[in-house]
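Structure first, then comments.
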């Protein structure tokens, strides 16, 4: 009895377990439906695709952890622009891969900084600041990458889809990055400050933390991660496309929420991002293989988000 | 005599360990203007909330019109015609004066409601404040604080179909100019003459003495005096509030109080908009008390000093790192998702790093050592902060400030709702740390705590009105300065 | 109307003069000013656009956008935000083209049911104190998914009465302008003039005070969300009337557009400060700015230079940032 209780309380303190359980359940269903075929390949494919979701989710998670109202809606536009920047700078040449990646990250970084400046100078909620900047970024992206369909350098395309023992190399790199993000959150002054600001911005200020710097760094970080993701996606999909980021607006927020990060702020959950990303991909696979369309997938995703948030409760019910 | 509007019998109210009301008997008759006075924490505002039904008493009974009201609450209070003007504004800032009137009266609807609401509130304003200059179609946020207060008060006196028998006014004149205040008080006399009743809470004793028929003095959650106004004068009110008649011990608990601190001032502070007047100064090793009624500029002083740290000296100059101990733990202090250790170390993170990373060993060592020194009662400092009692949470906040590199510690009434054991632990520590050269700025609403200070500054209406060395501190002097009249 | 009686009334209630506040005036006029600037720019570059047919063409989609914007405004009134309105409009459009022409009762029932769902969301947000952004984000998936289920491929037909209504030719004034004016007036009356509208806005401004006066915040939020559902449904119908076929994500841009339009029109994000007339003007401005960029040429400055069509969205964003910057300046001066 007490053992069960302990297990239960552990579940409460580790909400990311749910997302992995969900992913496992959906995976099992998918495998059963497929008659036991492709159990392993579904996992490896899911991991490969999840790398991108997690990359964007990490940035969004840092932003959402800053507390109520903090959200980055400019990620899709950011990803689209960065993919174009990366492809143009790389220009199909293997020698310029690093340069292209750097340029894409820089583009994302600038977007993040602009977002913060809009929030700070215009004193508008992040939602609106990132929304309006996304309009502009999208146009910049279209006009910058107009008509050009530059293929990624071969080495870059190979690198992005490379697998070692069936596991995507990129996913391993993103996993390392996630671990780094976890360490940053738990063990650095910046990370602790993000968590403190998200819990109680007033108390954080009165505890001597630099709230402005923390917010600045967080939006810049989120922008940079978006930029990186854009470049990698361009390599993955064989060329830049402005719409490549479109699905990441909702997905980036969905993985954060489903992964157990508190939308009220102050509590981030890195493993949950992976669980949620895997689960969303598994659901898509399951529904595809069972002949149900993309509509059911969206419907399920939406219902899951609402169910998770309703169960987790809002800000006041947390206290 | 008329039946009473409402009667409280032996009402008590406790919030956890804190007893806010310890058996209050109070009866309010129609045609009576009651004045309610008491120092901070005497139980006035709790009593108001009991009367308006927003707080249910722990024990005791409430009766009205001769009958008991066992399920007394907001709805019954409304039906009995009891209204309250709270100190915090309860107008919607985005609505017009007329619309705010409509929010209070469900009856104001249908065609032409806006005109009727406007007429209702305008007529009331005309009656109470003849030259108010407020249009009923003005949005509240466009009004000055004083005019908002006028609207708020006038709205409480408007009637559609509900009765109106008792209006409670909590510091109604705090943002009114003297002539408007007089208009308001004169109106309450007329209201009372017509058979209504008022309860007036004010820190301006002349208002109480001039406009009330009967005065109730509260102290420590009890009614200590309840007599006709004729029985009181200013001096007697002050004595009754302070309980000086009990022969309060004036012995200094601090021998250090006699030691004059040396050296340059670490903190210099003058309230905003003051050029002359008393300047607050604090040197190394000093404990400085900030006294006066709650909300008269003490917390603002602390926040300004906090923000000025590290900046250029100006009206406020601060030499040395500062740390603040919040009194309102939930909104200003605690990080509710974190452990006790995390809450203690957050102020010192920069000094706990090894390379780019915070060292958990050093963080734990810091938290553990302060847990021992300040006596936080917990089996494990890695438990959530909310697992602690209020007093121990407060100790953790003290540990956060004292464990940091701060030389100046600001304390924002930190002992609110803290048990006596915790207090004694912390008092000792403050003295110890002051002896080591730290400076304390200590805003407190508790008289006893001022006795630990070397020097006391008394705030009233955002100004420093008195500076008392420890030797001259008496409760009477503090109350006298806190309640002093506006200069005539 | 003369004599002592009138005089007495005059004396009894001396109406204090309305205080002139240049900042407030400017802030209120900002949406209208930006609309005029956009119109002037259009006239400068392409005078033919300022005509009956020009407006009919340019404001083709303005009616559904304006409806979606005022739907968003209902949610903003109670200090929430709706990230699902675009997909909701798309969903309603799919329902309309799929069922309304052939099985009107089913179609009507689905639309009514969706409005009930909207109201229930408001209740959920209030009861569980949830962040509206996340809940409506989830709902945006739900509406999109449902729309895809109903109509996996673009197509369908508009009910003839709907197409007829949206294509109606009003003499002298183009229909979209008539519709926008009617919408602005109706919404102004509902939100700004009725007694319940005052309670709705009050709940956005100081919910505690409204609750203390005995109003149910649950009822308030449910009503606000249900109103958004009604207006969102009308937006979907109007969209079908204009475009005569539907696809699931045809209106997904409306979410952002509606927020932008409401803000452009003078609404604040929190605190129940809204302007229905401003919101409609804001929607028209954004719509015109996007369409009109096609006409823009700057031959004097740069021969042969055209603002490319891909800057349509960007222009909307820039206008929004510009307006917010101007407003921030006004507010800063005031503080």
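Just so you know, all these numbers are worked out from the coordinates, no wet-lab data involved. What you are looking at is a predicted structure, and each value in this text was computed from that prediction instead of being measured. Quick reminder, even Gly has a Cβ in these numbers, built from the backbone with ideal geometry, and neighbours come from all protein chains shown.
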Given a Förster distance of 45 Å, the FRET efficiency implied by the Cβ-Cβ spacing of residue B:389 and residue A:123, rounded to the nearest 0.05, works out to 0.70
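Would you mind ranking A:175, A:278 by Cβ crowding within 10 Å, fewest neighbours first? Write out the running numbers ahead of the final one.
Working: A:175 17, A:278 26.
So the residues, fewest neighbours to most, are A:175, A:278.
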Computed on Cα atoms only, the convex hull of the range A:16-311 has an orientation-averaged projected area in nm² of 15.5 nm²
Here, residue B:471 and residue C:322, labelled 7 Å along Cα→Cβ, have an inter-label distance in nm of 7.2 nm
Taking Cα pairs closer than 8 Å and at least 6 residues apart, the relative contact order of chain B in percent is 16 percent
Inter-part gap, Cα centre of the range A:245-319 to Cα centre of the range A:168-221, in whole angstrom, is 22 Å
Averaged over the residues of C:198-211, the number of partner chain Cβ atoms within 10 Å of each residue's own Cβ comes to 6
Where a ≥ b ≥ c are root eigenvalues of the Cα gyration tensor, a/c under 1.5 meaning rounded, otherwise prolate if a/b exceeds b/c and oblate otherwise, chain C counts as oblate
Rounded to the nearest 500, the 222 nm mean residue ellipticity computed for the protein assembly as shown from DSSP H runs (n ≥ 4, each -39500 (n - 2.57)) alone is -18000 deg cm²/dmol
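Counting only other chains, and only Cβ atoms inside 10 Å, what mean value do you get across the residues of B:353-361? Kindly include the intermediate steps, with their values, before the conclusion.
On the way: counts 3, 1, 0, 6, 7, 6, 1, 2, 0.
That works out to 3 on average.
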Between the modelled labels at residue B:328 and residue C:120 (7 Å from Cα along Cα→Cβ) the distance in nm is 3.9 nm
Out of C:228, C:49, C:184, a Gaussian network model of chain C with alpha-carbon springs under 10 Å gives the largest mean-square fluctuation to C:49
So for R0 = 22 Å, FRET eff. of residue A:161-residue A:39 from the Cβ-Cβ r, to 0.05, ends up at 0.55
Note: residue B:71 to residue B:161 extended length (0.36 nm per residue) minus current alpha-carbon separation gives 30.1 nm
Once both label points are put 7 Å beyond Cα along the C-beta direction, the residue C:245-residue B:10 separation in nm becomes 8.4 nm
Listing C:80, B:328, C:252 by rising number of other beta-carbon atoms within 10 angstrom, fewest first, gives B:328, C:252, C:80
FRET efficiency (residue A:149, residue C:57; Cβ distance; R0 35 Å; to 0.05) is 0.60
Inter-part gap, Cα centre of the range C:162-182 to Cα centre of the range B:364-433, in whole angstrom, is 70 Å
In the protein assembly as shown the DSSP beta bridges are antiparallel at a rate, in percent to nearest 5, of 55 percent
Per the rule of 0.36 nm per residue minus the C-alpha distance, extending residue B:382 to residue B:446 adds in nm 19.8 nm
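Listed highest first by mean packing, meaning other Cβ atoms within 10 Å per residue, what order do C:120-132, B:136-148 come in? Don't skip to the answer; put the middle values down first.
Working: C:120-132: 20.8, B:136-148: 16.7.
Highest mean packing first, the order is C:120-132, B:136-148.
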With Cα coordinates, the longest principal axis of chain B makes an angle with the long axis of helix B:360-374, in degrees rounded to 10, of 70 degrees
Expressed as a whole-number percentage, the relative contact order of the range A:16-311 with C-alpha contacts under 8 angstrom and at least six residues apart is 37 percent
One would report the antiparallel percent of DSSP beta bridges in the range B:255-482, rounded to the nearest 5, as 50 percent
When C:247, B:368 are ranked with the fewest other C-beta atoms within 10 Å first, the list becomes B:368, C:247
